[in-house]
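See structure below.
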Amino acid sequence: MDLKNSILTKSLPKHIAIIMDGNGRWAKQQGMLRAFGHENGTKSVKQTVEACAELGIENLTLYAFSTENWNRPKLEVKTLMKLLVSSLKKEIKTLQDNNIKLSAIGSLNTLPEKVHKELFEVIERTKQNTRMTLTLALSYGSREEIINTVKEISIKVKNNIISAENIDESIINEHLYTQNLPDVDLLIRTSGEQRISNFLLWQIAYAELYFTSVLWPDFTKQHLYEAIIEYQKRERRFGKTSEQLS
Ligand code: IPE
Ligand code: IPE
Ligand code: MG
């Protein structure tokens with residue numbers, strides 16, 4: 001049985017999140033500029049999105065640009081924003097052909113106007129799609145998201161819409177950018193770094209973490225399958241004992 005079919009015999013993660021890292025190092029290895037790595041990274045995005053849809057993964061969230069990434073050299077930020085616009089224009093067809101709905105999380109108002117416009121156009125055009133939700137984390141930082149959540153809930157408490165005593169996990173979930181998404185089941189990070197870099201801190205509370213040394217532009221369907229197979233081998237106990245589960 002090939003990897004894909006063996007994956008389909010076991011329970012699938014409902015939500016996969018990926019920290020797509022290593023574009024710069026990949027380019028450097030080829031003696032090229034960082035931008036070349038980012039361009040090649042888009043091929044891995046396409047492969048991953050298609051592979052997840054084919055497998056029947058319901059939610060895929062990709063970390064594309066962090067709040068901290070604004071501190072990179074101006075030219076690199078500009079290149080990344082340009083690449084976003086061109087990828088959105090180019091891949092709308094892939095999304096439509098595969099019945100994929102696009103969504104976005106992050107401080108989206110801080111994105112350049114062109115990116116914002118293109119992003120919301122694709123979100124609008126794909127909103128009826130049902131096979132998978134692809135969420136792009138753009139100008140996303142988990143701490144910023146939590147601060148925003150606390151502000152929104154505080155205002156509602158002040159206006160007597162929510163009482164402080166009733167604040168619970170579900171109220172917090174409803175105010176996060178990820179309000180419509182289930183918790184992350186599997187978090188993948190490429191490039192060998194073993195850190196979270198301010199991604200989905202609340203939502204990964206019980207996610208399985210998978211780190212691979214593969215650099216993002218080298219990441220293929222096969223690597224995704226390997227990550228899911230590893231996930232399927234893990235026993236998710238959620239605090240219980242192994243005996244309780246069986
Ligand atoms: C990930 O690759 C892409 C973004 C963060 C936008 P990097 O650009 O971080 O590549 P490395 O980590 O420097 O190799
Ligand atoms: C995290 O990667 C952000 C994205 C993948 C978009 P970084 O390369 O920016 O993270 P650090 O700086 O290594 O933690
Ligand atoms: Mg990096």
Given the conditions (1) more than 26 Å from ASN148 (Cβ to Cβ); (2) within 21 Å of the chain's Cα centre (by Cα); (3) within 11 Å of ligand 1 (Cβ to nearest atom); (4) surrounded by fewer than 19 Cβ atoms within 10 Å (Cβ to Cβ), which single one is not true for GLN29? (2)
How about the stretch 181-226: which of its residues are more than 16 Å from ligand 1 (Cβ to nearest atom), within 12 Å of the chain's Cα centre (by Cα) and outside any loop (DSSP other than H, G, I, E, B)? LEU186
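This table checks each residue for (1) part of a loop (DSSP other than H, G, I, E, B); (2) surrounded by fewer than 20 Cβ atoms within 10 Å (Cβ to Cβ); (3) more than 17 Å from the chain's Cα centre (by Cα); (4) without any contact (Cβ under 8 Å) to a residue 12 or more places away in the chain.
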| position | (1), (2), (3), (4) |
| --- | --- |
| LYS82 | no, yes, yes, yes |
| SER86 | no, yes, yes, yes |
| LYS101 | no, yes, no, no |
| ALA104 | no, no, no, no |
| HIS116 | no, yes, yes, yes |
| ASN129 | yes, yes, yes, no |
| LEU136 | no, no, no, no |
Is at least one residue of the stretch 161-170 over 17 Å from the mean Cα position of the chain (by Cα) and surrounded by 14 or more Cβ atoms within 10 Å (Cβ to Cβ)? yes
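For the stretch 131-145, does any single residue satisfy the condition of being among the hydroxyl-bearing types (Ser, Thr, Tyr), touching a helix residue (DSSP H, G or I) at 6+ places or on another chain (Cβ under 8 Å) and away from ligand 1 (no atom under 16 Å from the Cβ)?
Scanning the stretch 131-145, I find no residue that is among the hydroxyl-bearing types (Ser, Thr, Tyr), touching a helix residue (DSSP H, G or I) at 6+ places or on another chain (Cβ under 8 Å) and away from ligand 1 (no atom under 16 Å from the Cβ), so the answer is no.
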Note: among SER139, SER170, just one is in contact with a Phe, Trp or Tyr (Cβ under 7 Å, 6 or more places away or on another chain) and either polar (S, T, N, Q) or away from ligand 3 (no atom under 16 Å from the Cβ) (or both), namely SER139
Could we say that LEU3 is in contact with a helix residue (DSSP H, G or I) (Cβ under 6 Å, 6 or more places away or on another chain) and at pLDDT below 95 here? yes
Being under 23 Å from PRO13 (Cα atoms), within 21 Å of the chain's Cα centre (by Cα) and of a type in the set (S, T, N, Q), is that true of even one residue in the stretch 146-155? no
Could you look through the stretch 171-196, keep only residues that are in contact with an Asp or Glu (Cβ under 9 Å, 6 or more places away or on another chain) and charged (D, E, K, R), and pick out the one that is surrounded by the fewest Cβ atoms within 10 Å (Cβ to Cβ)? GLU193
Could you check how many residues of the stretch 11-27 are within 8 Å of ligand 2 (Cβ to nearest atom) and closer than 9 Å to LEU62 by Cβ? 2
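Scan the helices (runs of 4 or more DSSP H) fully inside the stretch 1-77 and keep the ones with 3 or more residues being away from ligand 3 (no atom under 16 Å from the Cβ).
On the way: elements: 3-8, 23-29, 34-55.
Helices (runs of 4 or more DSSP H) meeting the threshold: 3-8, 34-55.
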Is there a residue in the stretch 34-48 that is within 16 Å of ligand 1 (Cβ to nearest atom) and more than 19 Å from LYS90 (Cα to Cα)? yes
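The values are calculated or read from the model by the stated rules, or taken from the named source; none is laboratory data. Bear in mind the structure is a predicted one, so any value in this text is a computation, not a measurement. Here Cβ is always computed from backbone atoms with ideal geometry, including for glycine, and neighbour counts include all displayed protein chains.
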